[in-house]
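K.L.:
Mind having a look at this structure? Questions to follow.
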Amino acid sequence: MGSEDYAYVSDPERGRVQPEDGAQGLLGRVSAPEHSARRVAEALEAAGTHSCILLTSDISNAPGEGRISREDVFSALTALKRRIRQDKAENPRIVFYFMEHGFMGHGLGDAAGRNLYLLFGNLEFTNSAGQSFTLRLIKRAIWSWDVLSALVYFREDDSMRHFDDFVPSQLMPDITDWQDTQAALRRQQELIDIDRQRRAENAYRTDGNPLVPFLALFDNCYASVTQELTGLASIAPLVFPFSALMDQSLAKLTDEGLAFFAAEPGRQISDLADTTREGSQANAPRIGSLARHLVAVIEARRKAGRPLSVAAVAHVFGRGVAPNEFSSPMQEAANFADWVPYDVPGARLKEDVTEVDLLPFSGKNAGATVERTGTGASLSTCCE
């Protein structure tokens, strides 16, 4: 997924703020996400992936149309999971890559829950800094835990299909809106009731219905604004309890897979020049650090005829230095000299997961890459 086109910030005094206006215009068009997503998709396809969905934004046909919406992200994830079940895949693996605008990516992060709040393309928000505004914006964002839970709770067996469209942010009540709070509470009860019913029907597999190993990369750490939500005194007491609950519930579950972020909250890094193709560095398209690193690892392993296992990815990304069989893509700028992707602290991969091969390197793609463009034709405004 590469989200490149964004609605503008609106300001009550100045109206719609343009990107060239500086910090408040951060949500105009940005470079690197689409190219990064395409490079990752190409590398995965060349490695022999069975099914790939490429989701990008496209506003070339009509202004305001084609931006990636919140629903587009979750719909693509659900479609992939249903495809796995439909094909009755044996030993499936999932590689997820997402690059989007960094304003919320690491502009606002949550140290308590180790969560990031990602903006979707058709979100227009008013230039406000009030407590209720921030809470509503969090409620409407895409959470990194939303994506991870979509992977963690996925099971091949059809008895777990009711979790296909579950995301934790659905359960966070907007305490400034009583109706939303009631809806969130109803959703919580619905999941409890469904689970109770399925258990009474003995619908769950007795072998535990193992999780599907995954690799999730969030290449979204190139913002010019750095702020942690738990550092905002006005809302920290409200955000902290829910975030801590999410962290307690989900953090250990990532032992079944890998999740990397381009940098820890608060650290600013830039994208890179993709010099892997012909042309000078000055004219090279921009690419995210995680995308450049992953593409290099995939291509090197494929050429060497060596499988890309979870353990290999953890080793390469955990050290932050490329292995000897290829030159490191991290040498463009000084701030990458000691670069190590940020992962979920405390997560420890299980031994049976570390040996899992993520990519088959079969040399052919059994299913063609499906390209999707955003459907965010209308603006979703936050937060009046």
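The values are calculated or read from the model by the stated rules, or taken from the named source; none is laboratory data. The model shown is predicted, which means the values in this text are computed figures rather than measured ones. Note: ideal-geometry Cβ built from the backbone for every residue, glycine included; neighbour counts use all protein chains shown. With ligands, DNA and RNA removed, areas are computed over all heavy atoms of the protein, side chains included. Shrake-Rupley method; radii C 1.70, N 1.55, O 1.52, S 1.80 Å.
K.L.:
Which numbered condition in (1) at pLDDT 75 or above; (2) loosely packed, with under 12 Cβ neighbours inside 10 Å is the only one that residue 375 fails?
P.N.:
Of everything listed in (1) at pLDDT 75 or above; (2) loosely packed, with under 12 Cβ neighbours inside 10 Å, residue 375 misses just condition (2).
K.L.:
How many residues does segment 348-372 contain that are within 28 Å of residue 68 (Cβ to Cβ), at pLDDT below 80 and buried (at least 16 other Cβ atoms within 10 Å of the Cβ)?
P.N.:
Of segment 348-372, the ones within 28 Å of residue 68 (Cβ to Cβ) are 358-359, 365-372.
Okay, now just the ones that are also at pLDDT below 80, so 365-368.
Among the residues that remain, those that are also buried (at least 16 other Cβ atoms within 10 Å of the Cβ) are: 365.
Total meeting the criteria: 1.
K.L.:
Identify the single condition in (1) at pLDDT below 85; (2) not in a helix (DSSP H, G or I) that residue 97 does not satisfy, given that it satisfies every other one.
P.N.:
So residue 97 meets the others, but not (1).
K.L.:
If I go through segment 66-91 residue by residue, how many of them are buried (at least 17 other Cβ atoms within 10 Å of the Cβ) and more than 25 Å from residue 39 (Cβ to Cβ)?
P.N.:
Residues in segment 66-91 being buried (at least 17 other Cβ atoms within 10 Å of the Cβ) and more than 25 Å from residue 39 (Cβ to Cβ): 1 in total.
K.L.:
In segment 255-303, which residue that is open to solvent by 10 Å² or more (accessible area, probe 1.4 Å) and of a type in the set (Ser, Thr, Tyr) is modelled with the lowest pLDDT?
P.N.:
Restricting to residues being open to solvent by 10 Å² or more (accessible area, probe 1.4 Å) and of a type in the set (Ser, Thr, Tyr), the top hit is 280.
K.L.:
Filter segment 204-235 for residues that are touching a helix residue (DSSP H, G or I) at 6+ places or on another chain (Cβ under 8 Å), small (Gly, Ala, Ser) and surrounded by fewer than 16 Cβ atoms within 10 Å (Cβ to Cβ); which is modelled with the lowest pLDDT?
P.N.:
As a first pass, look at segment 204-235 and keep what is touching a helix residue (DSSP H, G or I) at 6+ places or on another chain (Cβ under 8 Å): 204-205, 209, 211-225, 229-230, 232, 234-235.
This time we only want the ones that are small (Gly, Ala, Ser), so: 216, 223-224, 234.
Still in the running and surrounded by fewer than 16 Cβ atoms within 10 Å (Cβ to Cβ): 224, 234.
Working: 224: 46, 234: 68.
The qualifying residue modelled with the lowest pLDDT is 224.
K.L.:
On to the next question. Checking residue 104 against (1) assigned to a helix (DSSP H, G or I); (2) modelled with pLDDT under 90; (3) touching an Asp or Glu at 6+ places or on another chain (Cβ under 7 Å), which test does it fail?
P.N.:
Result: residue 104 fails condition (3) only.
K.L.:
Another question, then. Could you tell me whether residue 180 is touching a Ser or Thr at 6+ places or on another chain (Cβ under 8 Å), acidic (Asp, Glu) and not in a loop (DSSP other than H, G, I, E, B)? So that I can check it myself, show each step before the final result.
P.N.:
Numbers: touching a Ser or Thr at 6+ places or on another chain (Cβ under 8 Å): no; acidic (Asp, Glu): yes; not in a loop (DSSP other than H, G, I, E, B): yes.
The answer is no for residue 180.
K.L.:
Kindly establish whether residue 51 is in contact with a Gly (Cβ under 9 Å, 6 or more places away or on another chain), assigned to a loop (DSSP other than H, G, I, E, B) and surrounded by fewer than 16 Cβ atoms within 10 Å (Cβ to Cβ). Spell out the reasoning first.
P.N.:
Details: in contact with a Gly (Cβ under 9 Å, 6 or more places away or on another chain): yes; assigned to a loop (DSSP other than H, G, I, E, B): yes; surrounded by fewer than 16 Cβ atoms within 10 Å (Cβ to Cβ): no.
The answer is no for residue 51.
K.L.:
Just to be sure I understand, how many residues within segment 178-194 are within 13 Å of residue 166 (Cβ to Cβ) and either in contact with a strand residue (DSSP E or B) (Cβ under 9 Å, 6 or more places away or on another chain) or of a type in the set (Asp, Glu) (or both)?
P.N.:
1
K.L.:
Across segment 184-195, what is the total count of residues that are more than 25 Å from the chain's Cα centre (by Cα) and either open to solvent by 60 Å² or more (accessible area, probe 1.4 Å) or closer than 21 Å to residue 143 by Cα (or both)? Before you say what the answer is, go through the steps one by one.
P.N.:
The first filter runs over segment 184-195 and keeps only residues more than 25 Å from the chain's Cα centre (by Cα), leaving 185-186, 189-190, 192-195.
Right, trim to either open to solvent by 60 Å² or more (accessible area, probe 1.4 Å) or closer than 21 Å to residue 143 by Cα (or both) and you get 185-186, 189-190, 192-193.
Looking only at that region, the number is 6.
K.L.:
If you don't mind, there's one more thing I want to ask. Could you go through segment 151-164 and let me know if any residue there is open to solvent by less than 40 Å² (accessible area, probe 1.4 Å), without any contact (Cβ under 8 Å) to a residue 60 or more places away in the chain and more than 28 Å from residue 87 (Cβ to Cβ).
P.N.:
no
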